[in-house]
Amino acid sequence: MKDVIIIGAGVTGAAVARELSKYDLDICVLEKEEDVCCGTSKANSAIVHAGFDAKAGSLMAKLNVRGNEMMDELCKDLDIPFKRNGSLVVCIHEETKEGLKDLYNRGIENNVKGLKIIDKEELRKLEPNISDNAVAALYAPTGGIICPFELNIAMAENANENGVEFYFNTQVEKIYSDIEGIYHVKTNNGEYKTRYVVNAAGVYADVIHNMVSSKKIKITPRRGDYCLLDKEVGGHVTHTIFPQPTALGKGVLVSPTIHGNLIVGPTAVDIENREGVNTTAEGISDLITKANDHVKNLPLKKVITSFAGLRAHEDNHEFIIGEVEDAPNFIDCAGIESPGLTSSPAIGEMVGNIFKEKLYLKEKPNWKKTRRGILNPSTLSMDERNELIKKQPAYGNIICRCESISEGEIIDAIHRPLGARSLDGVKRRTRAGMGRCQAGFCSPKTMEIINRELGLDYENITKSGGKSNIVFGRTKGEDR
Amino acid sequence: MKEYDIVVIGGGPAGLAAAVSAKCSGVENIIVLERDKELGGILNQCIHNGFGLHTFKEELTGPEYAYRFMEKLYKEKIPYKLNTMVMDISKDKIVTAMNREDGVFKIKAKAVILAMGCRERPKGALNIPGYRPAGIFSAGTAQRLVNIEGYMPGKEVVILGSGDIGLIMARRMTLEGAKVKLVAELMPYSGGLKRNIVQCLDDFNIPLKLSHTVVDIEGKERVSAVTIAQVDNHGKPIKGTEERYTCDTLLLSCGLIPENELSRNAGVLMNSLTNGPIVNESLETNIEGIFACGNVLHVHDLVDYVSEEAKKAGESAAKYVKGEQINNNNNSVEIKAIEGVRYTVPSTINVDRMEDMLTVRFRVGKVYKGAYVSVYLDNERIMHNKKKIMAPGEMEQVILVKNKLKEQPELKTITVKIEDE
Amino acid sequence: MEKRELTCIGCPMGCQITVELDEKEVKSVQGNTCAIGDKYARNEVINPERTVTSTIVVLEGDKPRVSVKTKSNIPKSRIMDCMKEIDSARVKAPVKIGDILIKNVCDTGVDIVATRNIEKL
């Protein structure tokens, strides 16, 4: 019997897992996919929002600002890059300029630091490629950029090192509580018993919630298409450029990413299919039109990939975090859409506090706050790098040319806690295959490393688990 | 820091030929740096025949062609390092490279020959709508899996793009037992050689649909189907022409891009049409002593021309190292590519420095039937050759004669263009 | 008289050739620019031939496959039979470029030869 079962290994589940791993609890995370960070957490704008956008007084506003505050220390502890590049909400119509003031006021109410409305001259100085139509902007210096994979993976790894178990390829089918209030969680991989459940199931959070509660909630997958551009043009803008928000959300942004690409997106289309991460021609063309409204000369010929992600949109556009009224000891983290990534550490903290109120939590004396990241050899001096290569020659062998990722980094990604087992797993941990050739060169080499390090036959190596196998056996009908 | 007269970046057909010709031109101290575990470059996976008719007067397969040049390299005892990635080339020609044995090391070079080749246009650049499952490969990746590693990337295949690698892979996958359902090509003409359409598609009854593209990819985990549609003159899909093909694999053969990240960082200026360096008659870039040849300079259809060009780059680099390059930068004539000619390589000529004859290679922008290739020296037309057919997929060339150019000491511009009559 | 339009595969030029045929006899070949084209066209209308290239499984080699080709052309109609023999062949490393790996494939009188070296592991 577990103390806590967390459903979902996205950024929310991982943040909760890390927070609860501080205490003497028997915890496991159930994840239907083969790895952490496979749903909403893997396909979003990769932004740490300042917090002026959410409705004043809302939970969303509170957790956004708190999460933003926590990010510096957290990223340092987890050894992942984070940069406060600042964000700009750009107004392109003289008549909507007042809207910036409203946004500014909301930000002040939400306790966002350093907000400033700047005129077009100052704006142009900050961003030479801003649209000629731009008339003013709201500048938020606390806005930042982060790699969502790394944040999610690092929190999960850290939780795992602190004793939280992760069961992958484990899909929750049914949950019921018995007479003693123990939850039975039935999955495709057997049944688990637990005292507490945390629902961090992303676009499936309503399905999980509705298994135990008569007070139904509804999550709508809201699809967003994105384009990612080559690093060559990653400096086209240096701040995160937002349009003025509308009822449909924050709109299409243009931003550098923490690793130096340029990201453009997302669109917003409500759909039925919770797995519907297909891009559409309309979506991409809509995206391009909108992005061009605010940034000029966008080098869209330099797109290296386009993709779509789903936001877990709840009808009231508010986070639902707390114990479910008619399901004691069942804690929801539902409706976690933007600014969910930013808020995740604060959500973890909040869920921790909920647990503290419910039961006596004993802190583990040996809780490890920090996590060693995957070494990035390009940050080393030539001597340090040579020292490393002497000890571990694999660091001298470049596998991914575009991103300059060595065999050493890939081996580390495979063997570390919750290590990678698929090409996408390697990619999300090391960036091998994320560059301009999009894994054309390195995928056969990465397969060779996975084959050797995990003893996994080529035909069983997948892109991202399940039936996403890369090859169909050997040529010549040869058996191994 | 080690010092070499010439560092050749890349041990594919261009790098091999350049190194050998530099050595034969009298430069002793040469090294070839190759990132893969063997010399020969992409030819090792091009196991089909059709190489070397020009160079060796016989038809060879890719690995055989590569081996001929490897043997020359061995015979000339030119040192080379495998599994070695060049990380940086500086303006003053310091090459930083890395491998397992030596770690990170720097080489000071008198001259550098860029011969890094090209890579395939990635799937992202195509912005194909749909899912992003396993089973989408660039044709070259599939070629490596089948021919080198011995794995089958799929059983039911649709190919987008009729570049040569795509056509070759259509046949290759068929021979290995896969069903290739069709090749779709966005343009109204094929991007590959005509002979490959005959022997790779027609021989196996594989349909080629011109002016078609993929408008949807289905399958969450592995490709399960793709939808293709006809496109209008602007390349936009025409509603109502969609056809769905069930398949497990989508191969993309949509063009090649010279791999010039290193060149750019070194400050080498690029031609936006070739995506390769801008070079003069000696195949020298804007940076003195940095030369380029092969597919890193511009994408070729024929490896024979790569070897020929690389030989020239090797000779030019040797001249430069030995101080034999004529020291006169003033007599530079621009070659203008207009009216149907997309670009020329080289794009400037120093008449004093050029050899007796100079091959200028170019591509046309569309299909021409019965048109003329014309060369003008300022306003005087000196060449007017009728061509049965010219297509963007096939490289063309004109040969300029030094004496003819010398006759016009005031020459400002050489123009290459296509004329209807 | 029958006219056939061909694209020569003899070299990358890809000449458009017109062949005039009377029953099984070639009356004229036009459009070719060299002797290879003439030969190709005469063959192609009567008895089309192709070179087959593929790979063969290597045992104990530093690579799992060796690239191979038919030493000369074989009848086009025999390509798939030839592939069957190639697919079922197994050779032991080392292999030298030019080594005959299958003699007289499918009784065509043509050998399958290696087109690269494979070292013994």
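Rundown of residues vs (1) buried (at least 24 other Cβ atoms within 10 Å of the Cβ); (2) farther than 26 Å from B:Glu149 by Cβ; (3) touching a Cys at 6+ places or on another chain (Cβ under 7 Å); (4) of a type outside the set (Asp, Glu), yes/no style:
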{"site": "B:Glu3", "(1), (2), (3), (4)": "no, yes, no, no"}
{"site": "B:Ile6", "(1), (2), (3), (4)": "yes, yes, no, yes"}
{"site": "B:Gly11", "(1), (2), (3), (4)": "yes, no, no, yes"}
{"site": "B:Ala17", "(1), (2), (3), (4)": "yes, yes, no, yes"}
{"site": "B:Val20", "(1), (2), (3), (4)": "yes, yes, no, yes"}
{"site": "B:Ser25", "(1), (2), (3), (4)": "no, yes, no, yes"}
{"site": "B:Glu28", "(1), (2), (3), (4)": "no, yes, no, no"}
{"site": "B:Val32", "(1), (2), (3), (4)": "yes, no, no, yes"}
{"site": "B:Ile42", "(1), (2), (3), (4)": "no, no, no, yes"}
note = Condition set surrounded by fewer than 24 Cβ atoms within 10 Å (Cβ to Cβ) and within 7 Å of chain A (Cβ to nearest Cβ), scope segment B:102-129, selection farthest from C:Ile118 (Cα to Cα): answer is B:Pro129
ask   = Pick from segment B:170-185 the residues that are among the small types (Gly, Ala, Ser) and under 26 Å from the mean Cα position of the chain (by Cα): which of them is nearest to the other protein chains (Cβ to nearest Cβ)?
value = B:Ala170
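Yes/no per residue for (1) of a type in the set (A, V, I, L, M); (2) facing chain B (nearest Cβ under 9 Å); (3) in a loop (DSSP other than H, G, I, E, B):
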{"residue": "A:Asn366", "(1), (2), (3)": "no, no, yes"}
{"residue": "A:Arg372", "(1), (2), (3)": "no, no, yes"}
{"residue": "A:Leu375", "(1), (2), (3)": "yes, no, yes"}
{"residue": "A:Arg385", "(1), (2), (3)": "no, yes, no"}
{"residue": "A:Ile389", "(1), (2), (3)": "yes, yes, no"}
{"residue": "A:Ile399", "(1), (2), (3)": "yes, no, no"}
{"residue": "A:Glu403", "(1), (2), (3)": "no, no, yes"}
query = Can you name the residue in segment C:83-118 that is within 13 Å of chain B (Cβ to nearest Cβ), in contact with a strand residue (DSSP E or B) (Cβ under 7 Å, 6 or more places away or on another chain) and of a type in the set (Asp, Glu) and is also surrounded by the fewest Cβ atoms within 10 Å (Cβ to Cβ) among such residues?
reply = C:Glu85
key: Residues that are in contact with a Phe, Trp or Tyr (Cβ under 9 Å, 6 or more places away or on another chain) and within 17 Å of A:Ile331 (Cα to Cα), drawn from segment A:157-183   = A:Val172, A:Ile175, A:Tyr176, A:Ser177, A:Tyr183
task = Considering every residue within segment B:131-150, establish whether at least one is within 25 Å of B:Ser211 (Cβ to Cβ), within 7 Å of chain A (Cβ to nearest Cβ), surrounded by 22 or more Cβ atoms within 10 Å (Cβ to Cβ) and charged (D, E, K, R).
result = no
inquiry  = Can you say whether A:Gly51 is surrounded by 16 or more Cβ atoms within 10 Å (Cβ to Cβ) and under 18 Å from A:Met155 (Cα atoms), as far as the supplied structure shows?
reply    = no
note = Within segment B:91-117, residues more than 17 Å from A:Ala394 (Cβ to Cβ) and not in a strand (DSSP E or B) come out as B:Lys91, B:Asp92, B:Lys93, B:Ala115, B:Met116, B:Gly117
Among (1) within 13 Å of chain B (Cβ to nearest Cβ); (2) surrounded by fewer than 16 Cβ atoms within 10 Å (Cβ to Cβ); (3) not in a helix (DSSP H, G or I), the one test that C:Met80 misses = (3)
ask   = Are there any pairs with C-beta distances below 7 angstrom linking a residue in segment B:229-253 that is more than 22 Å from B:Glu120 (Cβ to Cβ) and away from chain A (no Cβ under 14 Å) to a residue that is part of a loop (DSSP other than H, G, I, E, B) and of a type outside the set (A, V, I, L, M), with the two at least 6 apart or on different chains, and if so which?
value = B:Gln230/B:Ser211; B:Gln230/B:Thr241; B:Thr246/B:Ser224
ask   = Just wondering, is there one or more residues in segment A:145-155 that are part of a strand (DSSP E or B) and within 16 Å of the chain's Cα centre (by Cα)?
value = yes
inquiry  = Being hydroxyl-bearing (Ser, Thr, Tyr) and touching a helix residue (DSSP H, G or I) at 6+ places or on another chain (Cβ under 6 Å) is true for just one of C:Ser72, C:Ser67. Which residue is that?
reply    = C:Ser67
task = Taking only segment A:264-307 into account, find how many residues are under 30 Å from A:Ile219 (Cα atoms) and either outside any loop (DSSP other than H, G, I, E, B) or within 7 Å of chain B (Cβ to nearest Cβ) (or both).
result = 23
request  = Within segment B:59-80, work out how many residues are over 18 Å from the mean Cα position of the chain (by Cα) and within 11 Å of another protein chain (Cβ to nearest Cβ).
outcome  = 7
inquiry  = Can you find a residue that is in contact (Cβ under 8 Å) with a residue 40 or more places away in the chain, polar (S, T, N, Q) and within 14 Å of chain B (Cβ to nearest Cβ) anywhere in segment A:226-244?
reply    = no
ask   = Going by the conditions given, is B:Glu38 within 14 Å of another protein chain (Cβ to nearest Cβ), surrounded by fewer than 24 Cβ atoms within 10 Å (Cβ to Cβ) and not in a helix (DSSP H, G or I)?
value = yes
inquiry  = Looking at segment A:264-283 only, could you name the residues that are surrounded by 22 or more Cβ atoms within 10 Å (Cβ to Cβ) and within 21 Å of the chain's Cα centre (by Cα)?
reply    = A:Val264, A:Gly265, A:Pro266, A:Thr267, A:Val277, A:Asn278, A:Thr279
ask   = Out of segment C:17-76, which residues are surrounded by fewer than 18 Cβ atoms within 10 Å (Cβ to Cβ), within 10 Å of chain B (Cβ to nearest Cβ) and not in a loop (DSSP other than H, G, I, E, B)?
value = C:Ile36, C:Lys76
Conditions (1) at positive phi; (2) surrounded by fewer than 24 Cβ atoms within 10 Å (Cβ to Cβ): number failed by A:Ala394 = (1)
message = Suppose we filter B:Pro188, B:Pro207, B:Pro153 for residues that are more than 14 Å from every other protein chain (Cβ to nearest Cβ) and within 22 Å of B:Pro122 (Cα to Cα); which single one remains?
response = B:Pro188
ask   = Out of all the residues in segment A:299-347, which are touching an Asp or Glu at 6+ places or on another chain (Cβ under 7 Å) and without any contact (Cβ under 8 Å) to a residue 40 or more places away in the chain?
value = A:Gly322
query = From the residues in segment A:420-468 that are at the interface with another protein chain (Cβ under 10 Å from one of its Cβ atoms) and among the aliphatic types (A, V, I, L, M), which one is surrounded by the fewest Cβ atoms within 10 Å (Cβ to Cβ)?
reply = A:Met447
message = Just the residues that are under 24 Å from B:Asp301 (Cα atoms) and more than 24 Å from the chain's Cα centre (by Cα), please, taken from segment B:352-374.
response = B:Lys369, B:Gly370, B:Ala371, B:Tyr372, B:Ser374
message = Yes or no: segment A:239-254 includes at least one residue that is surrounded by 16 or more Cβ atoms within 10 Å (Cβ to Cβ), part of a loop (DSSP other than H, G, I, E, B) and among the hydroxyl-bearing types (Ser, Thr, Tyr).
response = no
ask   = Can B:Met87 be described as surrounded by 20 or more Cβ atoms within 10 Å (Cβ to Cβ) and within 12 Å of chain A (Cβ to nearest Cβ)?
value = no
inquiry  = Can you find a residue that is in a strand (DSSP E or B) and more than 18 Å from A:Glu318 (Cβ to Cβ) anywhere in segment A:206-224?
reply    = yes
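Bear in mind that the values in this text are calculations on the coordinates, not laboratory data. Keep in mind the model is a prediction, meaning the values are calculated, not measured. Because the Cβ atoms are built from the backbone with ideal geometry, glycine has one as well, and the counts that use them run over all protein chains shown.
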